[in-house]
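Only one structure is covered here, and it is reproduced in the block below.
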Amino acid sequence: MVTAISSEPKIQLPPLPFEPNALEPYISRETLEYHYGKHHRAYVNKLNDAIAGTPLENLSLEGIIKAETGAIFNNAAQVWNHNFYWNCLSPQSSAPAVKLLAAIDRVFGSLEKFQEQFKSAALRNFGSGWTWLVRKPDGRLAIENTDDADTPVRGNNTPLLTCDVWEHAYYIDYRNDRGGYMDNFWKIVNWSFVSRNFGS
């Protein structure tokens, strides 16, 4: 019996967890058509092309990120970061779970102060990159910036929330007003997802 060889790419572009127009007016369908439909898809395609026929095909996306550097790392990390980012967004309003909110209050003073500090970090994130809320191995929460495609996946911190501050994430809707993008980001944060990442 001959076993058919699958031609399906190893790394898949997951569907968005919401309709393309669901985040309007904060993030437009046009932005998603470019950001998800072109940029995110391109990272997936380039990664599959790079790992085809190599031992990397047998690794998970996280395994590729931890094993590689250079172009393969950049594409793998951008795929993972974007997969995570889309799940951080939702058209349905929510609030942090009790345990997460208590942890935010302990470290930052209040949810509002956390949001101010997160926005400040995002505005200081020079050039292209990501701003994260992470849980450190000792359980403390922290805000971190990563440059370009870098990701907490190759460190010891657990990512809870991220905001994409590459210009392709907001330029169609906000031009160069990253602050306006950040203000509206809070209106579509999927706190249920963030709370599950925290473990509450």
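The values are calculated or read from the model by the stated rules, or taken from the named source; none is laboratory data. Fair warning: this is a prediction, and the values are worked out from it, not measured in the lab. All Cβ positions, even for glycine, are placed from backbone atoms using ideal geometry, and neighbour counts span all protein chains on display. Note: accessible area is taken over every heavy atom of the protein model, side chains too, but ligands, DNA and RNA are not part of it. Shrake-Rupley method; radii C 1.70, N 1.55, O 1.52, S 1.80 Å.
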Study note, to complete from the structure: The pairs in K113/K187; K10/K119; K10/K187 lying past 26 Å Cα-Cα in this model are K10/K119; K10/K187
Revision key, fill the gap. With all protein chains present and a 1.4 Å probe, the order of L100, L16, L123 from largest accessible area down is L123, L16, L100
Study note, to complete from the structure: So for the range 100-153, using the alpha carbon gyration tensor with a ≥ b ≥ c as root eigenvalues (a/c under 1.5 gives rounded; past that, a/b versus b/c decides prolate or oblate), I'd call it oblate
Practice item. Would you mind checking the tilt of helix 70-87 against the longest principal axis of the Cα atoms of the chain, expressed as 0 to 90 degrees and rounded to 10? Key: 50
Practice item. With label points built 7 Å along Cα→Cβ from the Cα atoms of N156 and R41, find their separation and express it in nm. Key: 4.1
Practice item. Multiply the residue separation of A67 and A22 by 0.36 nm, subtract the distance between their alpha-carbon atoms, and state the gained length in nm to one decimal. Key: 12.6 nm
Exercise for review: Could you state the accessible area per residue of the range 122-200 in Å², with a 1.4 Å probe and every protein chain left in place?
Suggested key: 43
Check your understanding: Which angle between 0 and 90 degrees, to the nearest 10, do you get for helix 98-108 versus the longest principal axis of the chain when only C-alpha atoms count?
Key -> 70
Point to revise | Residue of L59, L47, L161 that the Gaussian network model of the chain assigns the largest fluctuation, springs spanning Cα pairs under 10 Å | key: L59
Study note, to complete from the structure: Scoring the range 43-112 by relative contact order with C-alpha pairs under 8 Å, at least six apart, yields a percentage of 27
Exercise for review: Keeping all protein chains in position, work out how much accessible area E112 exposes to a 1.4 Å probe, and write it in Å² to the nearest 10.
Suggested key: 110
**Study point:** the range 25-99 shape via C-alpha gyration tensor axes, a/c threshold 1.5
**Key:** oblate
Point to revise | Virtual paramagnetic centre 7 Å along Cα→Cβ of E8, amide N under 17 Å, in the range 31-46 | key: 45
Review point. Gain in length, S128 to N58, computed as 0.36 nm per residue apart minus the alpha-carbon separation, to one decimal in nm?
Key: 22.2 nm
